[in-house]
Amino acid sequence: MSKPSPISGFPEWAPPQRMIEQYVIGQIQRTFELYGFAPLETRSVEPLDQLLRKGETSKEVYLVRRLQEDPGGPTGDDALGLHFDLTVPFARYVLENAGKLQFPFRRYQIQKVWRGERPQEGRYREFLQADIDIVDRDTLPAHYEAELPLVIGDALSSLPIPPIVIQVNNRKVSEGFYRGIGLTDPDAALRAVDKLDKIGPERVAALLVETAGATESQAKACLALAEISAPDGSFADAVRALGVEHPLLDEGLAELVTVVETAAAHSPGLCVADLRIARGLDYYTGTVYETQMRGYERFGSICSGGRYDNLATAGSATFPGVGISIGVTRLLGLLFGAGELNVSRSVPTCVLVALADEEHRPASDRIAAALRRRGIATEVSPSAAKYGRQIRFAERRGIPYVWFPGADGAVDEVKDIRSGEQTPATPDDWTPPVEDLRPLVS
């Protein structure tokens with residue numbers, strides 16, 4: 001077999017990176033559960049008509065089909081695609097299981113998704129997301145929109161990563177403002193403004209005229225709104241100073257002030273009202289979120305989401321929700337590329353049990369088993385080489401301790417190979433310092 005070529009956009013982390021990823025997942029999961037979110041995992045495929053409800057995503061969907069079709073077999077597989085986020089599958093799950101769920105339903109989901117976009121730094125075709133959503137039946141109180149940034153702030157602040165800032169806006173602010181200045185296609189205006197960071201204000205103004213039917217003065221007003229940003233409720237005064245009135249605008253401003261002020265009370269500086277944040281996906285109806293990592297702003301958002309009222313509907317039944325998603329692979333990829341995350345050793349092993357000779361392997365195995373029963377990750381030396389070579393084997397892998405079984409009834413000894421200190425020990429009593437039990441991520 002010839003050497004295989006790597007496939008871009010499908011990351012395969014080395015074991016030390018994978019240990020960092022697992023640590024990050026564990027920290028995020030613990031925070032989600034502290035806030036009462038329950039775990040869920042949905043299937044990897046969804047019907048295409050469901051996947052394509054989200055907006056302009058058809059070019060990103062991977063189809064699922066068998067290599068050889070069976071004419072007499074089940075039909076419909078051609079209409080399946082891999083999910084490209086976790087919100088659409090979650091909405092489908094809620095509709096299918098509404099009779100079994102207790103509302104408001106709080107769930108978290110940490111799962112792979114697939115997206116057919118051009119791979120680049122921080123962007124992949126297969127990646128891990130960590131989502132939280134809260135859905136209710138018929139109505140969802142706006143206070144949940146203020147709660148989600150607190151969860152994300154706690155989750156990401158528990159990690160050894162740069163500080164984050166969550167940029168928030170409210171679709172009602174944007175739509176109410178656009179309607180207040182006389183635009184009749186606010187969705188087109190939102191999609192145009194969402195491209196501000198990519199194409200700049202001049203091209204956005206032209207796009208507003210071309211796609212949203214805006215006049216030059218209306219386009220200028222839209223850009224003026226997008227320039228408003230503040231870490232407190234003062235942004236509302238700046239919006240009102242533009243002289244536009246609409247009931248939906250007033251409603252959105254009140255909700256957004258609550259989000260920003262709640263976040264400021266919980267963690268000052270966590271949230272910033274940024275009225276250029278639009279989120280180009282069609283189903284958002286209220287608060288929207290994007291999150292930037294300080295020092296990595298040029299790469300865009302690592303965590304985003306928003307309020308949706310109409311994604312999960314069946315007849316007269318409606319299940320409004322609000323959700324936010326951490327791009328775990330995106331976050332890690334950026335930090336790995338910058339050499340920002342490290343792990344204290346390349347294996348989970350805390351202790352290597354030395355081997356005097358192959359005849360004594362059963363005795364070394366018993367020592368290892370006793371240590372493992374007490375939660376101490378242990379492996380036995382792969383060969384009965386000279387002790388110096390066994391110690392160097394442990395050093396290369398970052399294993400902090402080497403255990404030397406006592407010969408002819410002598411007491412066992414354990415050596416901290418970093419300090420050189422060697423002390424008597426028994427596998428039923430010896431315990432390493434807490435910081436050595438597991439690899440440390442920094």
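The values are calculated or read from the model by the stated rules, or taken from the named source; none is laboratory data. In this text the structure is predicted, and so the values were computed from the model without any measurement. Virtual Cβ from ideal backbone geometry, glycine too; neighbours counted across all protein chains shown. Each accessible area value is taken on the protein alone, full model and side chains, heavy atoms only, with ligands, DNA and RNA left out. Shrake-Rupley method; radii C 1.70, N 1.55, O 1.52, S 1.80 Å.
Just a few scattered comments:
- For residue 124, the solvent-accessible surface computed with a 1.4 Å probe is close to 40 Å², ligands and nucleic acids excluded.
- Coupling constants for region 409-419 follow from the phi torsions by the Karplus curve (6.51 cos²θ - 1.76 cosθ + 1.60, θ = phi - 60°), and in residue order they are x, 6, 6, 5, 9, 10, 10, 7, 6, 7, 9 Hz; glycine and proline get x.
- With N counted as the residues of region 236-336, its alpha-carbon radius of gyration over 2.2 N^0.38 Å works out to 1.25.
- Normalised per residue, the volume of the convex hull around the Cα set of region 100-172 (Å³): 170
- For region 96-159, the solvent-accessible area works out to 41 Å² per residue, with a probe of 1.4 Å and every protein chain left in place.
- Backbone amide hydrogens, once placed in the peptide plane, bring residue 440 within less than 5 Å of 344, 345, excluding anything fewer than 5 places away on its chain.
- Accessible surface of residue 336 - all protein chains present, 1.4 Å probe, nearest 10 Å²: 30
- Solvent-accessible area, 1.4 Å probe, carbon plus sulfur percent, for region 227-338: 48
- Helix axis angle, 328-337 relative to the chain longest principal axis, alpha carbon, degrees: 70
- Hull volume in cubic angstrom per residue (convex hull over the Cα atoms of region 302-442): 185
- Binning the alpha carbon pair distances of region 194-263 at 10 angstrom intervals from zero yields the distribution 18, 42, 34, 6, expressed in whole percent.
- Computed from the alpha carbon positions, the gyration tensor of region 279-379 leads to an equivalent ellipsoid with semi-axes of 51, 22, 8 Å, biggest first.
- Amide hydrogen neighbours beyond the local backbone of residue 318, cut-off 5 Å, H modeled: 138
- When 345, 203, 106 are compared by accessible area at a 1.4 angstrom probe, the order from most to least is 203, 106, 345.
- Residue 187 accessible area, assembled protein chains, probe 1.4 Å, Å²: 80
- Percent of Cα-Cα distances greater than 16 Å, calculated over region 358-398: 42
- Restricting the calculation to Cα atoms, region 1-48 yields a radius of gyration followed by a Dmax of 16.5, 50 Å.
- Evaluated at q = 0.14 Å⁻¹, the base-10 log of the normalised Debye intensity for region 178-217, with identical point scatterers placed on the Cα atoms, takes the values -0.24.
- Simple point charges give the picture: +1 on the Cβ of Lys and Arg, -1 on the Cβ of Asp and Glu, and for the chain a dipole about the Cα centre of about 1000 debye.
- Value of D in µm² per second that Stokes-Einstein yields for the chain, Kirkwood Rh from Cα pairs, at 37 °C (0.692 mPa s): 131
- Order of exposure, largest accessible area first, which applies to 10, 127, 90 with probe 1.4 Å: 10, 127, 90
- Excluding ligands, DNA and RNA, the accessible surface per residue across region 277-383 is 36 Å² with a 1.4 Å probe.
- In region 183-308, the convex hull through the Cα atoms has an average projected area of 7.8 nm², a quarter of its surface area.
- Region 120-253 - convex hull of the alpha-carbon atoms, volume per residue in Å³: 168
- For region 199-238, the spread of Cα positions along each principal axis, largest first, Å: 34, 19, 12
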